[in-house]
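Down below is the structure, laid out as structure tokens.
The values are calculated or read from the model by the stated rules, or taken from the named source; none is laboratory data. Please read all numbers here as calculations on a predicted model, not as lab measurements. Using ideal geometry, Cβ is built from the backbone for each residue, glycine included, and neighbour counts are taken over all protein chains shown.
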Amino acid sequence: MFLLLLLIFILSVGFSMWNTEPVALSFGFYEFAVRPLSFWLIITFCMGGLTGLLIGAGLIRDTRLRFRIRALEKELAKRSGAKPTRTD
């Protein structure tokens, strides 16, 4: 894992050194300061990674909760003698 992070860091530094062309970025009526192209691409990559982590964490939590609900429904059905219901 450490080697992968080191490789990503080295590639990021190299990418930053080779892409120094200043780029003005505007979003609607707001215009951001002129920054190197590498800055905007690395920021975009990081924001995408963070968004993916947040969405992934939500999906994992939902999946765990669904498994827990199924287990509790089976336990309840066992205790009451009723057939478990499917809510999905």
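A few points about this structure:
- Any hit, segment 25-38, residues being part of a helix (DSSP H, G or I) and surrounded by 10 or more Cβ atoms within 10 Å (Cβ to Cβ): yes
- The single residue among Arg68, Arg35 that is within 28 Å of Ile10 (Cα to Cα), among the basic types (Lys, Arg) and modelled with pLDDT of 90 or more turns out to be Arg35.
- Pair list, Cβ < 7 Å and 6+ apart or interchain, from segment 73-88 residues that are under 22 Å from Asp62 (Cβ atoms) to residues that are at pLDDT 65 or above and not polar (S, T, N, Q): Pro84/Glu73; Pro84/Lys74; Pro84/Ala77; Thr85/Glu73
- Here Glu21 meets each of (1) acidic (Asp, Glu); (2) surrounded by 10 or more Cβ atoms within 10 Å (Cβ to Cβ); (3) in contact with a helix residue (DSSP H, G or I) (Cβ under 8 Å, 6 or more places away or on another chain) with one exception, condition (2).
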